[in-house]
Amino acid sequence: MQIKYRIGIMPGPWPGGPPSEGVDFFWRLIDVCERTEIDSIWFSDRLLSPLPVLEPMTTMAAVAARTRRLKFGPSVLIAPFRSPVLAARQLAMLDYLSGGRVLPAVGIGVEQEREFLAAGVPFRERGRRTDEAIQVMRRCWEEPEVTFAGEFWRLERITVLPRPVQQPMPLWVGGNSEAAMRRAGRMGDGWIPSFITPDQFRVGVDKTLTFAAEAGREVPGDHFGTLVNFCLDSDPAVARAIALPFIPRGRVDAPTLDACTAFGPAALVSERLEQYVQGGGSKFVLRPMCPPERMLEQLERLAADVIPAFHNR
């Protein structure tokens, strides 16, 4: 298999000023991604955040309308929050309108029970609901008519049209836990964790492939990647000082954070990505950790100094 190496981005901290400023910033961000070699853009799915977070489904529709080349996806869509039929229909429509540029990725969400209470979903059911949702979405994308009786959803002769342009529609699974690796291996087309060290990533890839083999499946060798928080500056100390106020707190300990982020010159970012490549990674989502007013500059530098060599390897 010829591996395609690709770098996409996720927006960093969002501007907190008047709505008009945020909207103008959004269009400038999308235009930078479309104009450069950035492969894709990804949007988080949260109901609980002290800072602005763009809702992924509506935002992806805007991206589809604005662009012709750029791919896009949720990182990740919290499957238990939504009816899987409605999610399948929305993603299929996005893929149809964009000419096959949607990159769906799903997960169970973060350890915040308040989000599940707000969505009307029992926290303890999130894993089982995600497994069932994956089954339903796949069948809606692939079959002309779906009848299904599960623990949470019942379908009787359901048809989702128009169908996605991509056939089969790829469905990646996010999450760092062994349960996420098992889900990716047994049900997904790829695995994309975050806040994971290169060594942990290597182990996760091996486990995912093992779970896939046990299920009689195969996850393509170029369908593994991770999210990497970065900040570009010729001086690593300066880059770290810029980034640290914007790093999400409480996700991992300090040694893990040091091993899974890239703060410094372009060569350091490339070196970090290479560590994941050695563990089986080829698809990456880079998120700039910087003040909003510096985000576009960071993306321009990433597109000029890191991405071309990586995409052409």
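The values are calculated or read from the model by the stated rules, or taken from the named source; none is laboratory data. All of these numbers come straight from a predicted model, not from anything done at the bench. Using ideal geometry, Cβ is built from the backbone for each residue, glycine included, and neighbour counts are taken over all protein chains shown. When the accessible area is computed, the model is the full protein with side chains, heavy atoms only, and any ligands, DNA or RNA have been set aside. Shrake-Rupley method; radii C 1.70, N 1.55, O 1.52, S 1.80 Å.
So the values come out like this:
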item	result
Region 49-126 - percent of accessible surface contributed by carbon and sulfur, probe 1.4 Å	57 percent
Region 1-46 - percent relative contact order, Cα under 8 Å, separation 6 or more	54 percent
Per-selection Kirkwood Rh - region 1-122 (Cα, Å, 1 d.p.)	15.5 Å
Acute angle (nearest 10 degrees) that the helix 126-142 long axis makes with the longest principal axis of the chain, alpha-carbon atoms	70 degrees
Helical contribution to [θ] at 222 nm, DSSP H n ≥ 4, -39,500 (n - 2.57), averaged over the chain, rounded to 500	-13500 deg cm²/dmol
Interchain or long-range residues, amide H under 5 Å from I158's placed H	V146, T147
Accessible solvent surface per residue of the chain, calculated while the other protein chains remain in place, 1.4 angstrom probe, Å²	45 Å²
Cβ-based charge dipole, the chain, positive-most Cα from T130, A88, L54	A88
Of all accessible heavy-atom area on region 163-290, the percent that carbon and sulfur account for (1.4 Å)	53 percent
Helix 295-305 axis, angle to the chain major axis (alpha carbon atoms, nearest 10°)	80 degrees
Normalised per residue, the volume of the convex hull around the Cα set of region 39-105 (Å³)	78 Å³
Descending Cα extents along the principal axes, region 271-313, whole Å	34, 18, 15
Cβ-based net charge around P236, under 13 Å, with every Lys or Arg adding one and every Asp or Glu removing one	-2
Cα pair distances in region 95-182, grouped into 5 Å bins until the bin that holds the longest one, percent each	3, 12, 20, 19, 20, 16, 9, 1
Residue-span extension gain [D31 to A61] - 0.36 nm each, minus C-alpha spacing	9.3 nm
0 to 90° range, to nearest 10: angle between helix 19-35 axis and the chain longest Cα axis	90 degrees
Theoretical FRET efficiency, 1/(1+(r/R0)^6), r = Cβ-Cβ of F152 and R69, R0 30 Å, to 0.05	0.20
Segments 113-125, 178-190 sorted - mean Cβ within 10 Å per residue, highest first	178-190, 113-125
With all protein chains modelled, accessible area of W27 [1.4 Å, Å²]	80 Å²
Shape category assigned to region 233-281 from the gyration tensor of Cα positions, a/c cut at 1.5	oblate
